[in-house]
Amino acid sequence: MAIRILKNFSKRLFNLVFRRRKEISLGFYGPPNAGKTSLANRICKDWTGEEIGKVSNVPHETRHVQFKEEVEIKYKEKILKFKLVDTPGIATKIDYEDFLKFKLKKKEAQQRAKEATQGIIESIKWLDDVDAVIIVLDACENPYSQVNITIIGNLISREIPVLIAANKIDLVRADFKKIQSAFPEYETVGISAKTGRGMEEFYESVFRLSKKV
């Protein structure tokens, strides 16, 4: 524990001295299909005109960490440069049979389940290389899940600055206040990565988050 704390402190000190003005590594974490890649794509399209990855309705479409470097975000005449790190969805259990309902063949479903499991391990490892994290949650889903608790627990232990993005607020069944009340210790912003709703407030929150790095 003492070694890990010292390692995290050394990393923060290095970032403060050498990287603060260069590039902030911003990780996107959350459960599958919450909209992590959709949000990362929205940011990239807003500021670079490109996308970071593919999205679909099938869980675990993103099974490998993907990133976009030197994304400059502007807010109120201020500019910050980010490295966006889009990670595979975190899950406590992955069963290949869950993919069969999406009309994947058995062999393809088994391969996806294997890659998704490896992706989760890769996601956790990347926590050592991010300066701050955006937790993307589906505002239509119950926030009090084992997956969300696991993600939050990992971030607390590593003392990584966090912003929660309650995604899909454009949907009628979305409950932003429930997401907000579930994790009162963190700032929560409501967005729709699909429509762009709430993105101005999101960028404002990201700039506040960057001050904690």
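Every read-out reported here was derived from the displayed coordinates using simple, explicitly stated rules and does not represent laboratory data. Being a predicted model, the structure only gives us computed values, none of them experimental. When we count neighbours, we look across all protein chains shown, and the Cβ atoms used for this are built from the backbone with ideal geometry, even at glycine.
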Potential lengthening between THR195 and LEU171 on full extension [0.36 nm per residue; Cα-Cα distance subtracted]: 7.6 nm
Extension gain (nm, one decimal) between LYS54 and LYS101, 0.36 nm per residue minus Cα-Cα: 14.9 nm
Segment 53-129: GluC sites (Glu not before Pro) in DSSP coil with no more than 12 other Cβ atoms inside 10 Å: GLU77
Cα-Cα over 18 Å, subset of LYS68/LYS211; LYS101/LYS168; LYS83/LYS194; LYS22/LYS74; LYS114/LYS194; LYS78/LYS211: LYS68/LYS211; LYS101/LYS168; LYS83/LYS194; LYS114/LYS194
Most fluctuating residue given options ASP131, ASP170, ASP95, as computed from a GNM of the chain linking Cα atoms under 10 Å: ASP95
DSSP-defined antiparallel bridges as percent of all bridges, segment 30-210, nearest 5: 45 percent
Cα long-axis angle, helix 146-158 against the chain (0 to 90 degrees, to the nearest 10): 30 degrees
Distance (nanometres) between label positions extended 7 Å along Cα→Cβ at TYR186 and GLU115: 2.7 nm
Low-density loop positions, trypsin sites (Lys or Arg not before Pro), segment 97-168 - DSSP coil, at most 10 other Cβ in 10 Å: LYS101, LYS103, LYS105
Rounded to the nearest 20 debye, dipole of segment 37-151 from Cβ charges on Lys, Arg, Asp, Glu: 360 debye
Mean shadow area of the chain over all directions, Cα convex hull, nm²: 12.1 nm²
Length-normalised contact order for the chain - Cα pairs under 8 Å, 6+ apart - percent: 22 percent
Residue order, fewest to most beta carbons within 10 Å, for THR188, THR48, THR37: THR48, THR188, THR37
Max mean-square fluctuation residue, GNM over the chain, Cα-Cα springs under 10 Å, options ALA166, ALA109, ALA132: ALA109
Mean-position separation - Cα centroids, segment 158-199 and segment 27-83, in angstrom: 16 Å
Residues with amide H under 5 Å from that of PHE82, placed H, sequence gap 5 or more: ILE24, GLU70, VAL71, GLU72, ILE73
Most mobile listed residue (LYS83, LYS194, LYS22) in the chain, GNM with C-alpha springs under 10 Å: LYS22
Rel. contact order, % - alpha carbon contacts under 8 angstrom, at least six apart, segment 83-206: 20 percent
Lys, Arg +1 and Asp, Glu -1 on Cβ, resulting dipole of the chain about Cα centre, debye, nearest 20: 300 debye
Where labels lie 7 Å past Cα in the beta-carbon direction, separation of GLU77 and LYS125 in nm: 4.5 nm
Folded to 0 to 90 degrees: helix 36-47 orientation relative to the chain principal axis, Cα: 50 degrees
Distant-in-sequence amide H partners of GLY27 (H built 1.01 Å from N, under 5 Å): VAL85, ASP131, ALA132, VAL133, ILE134
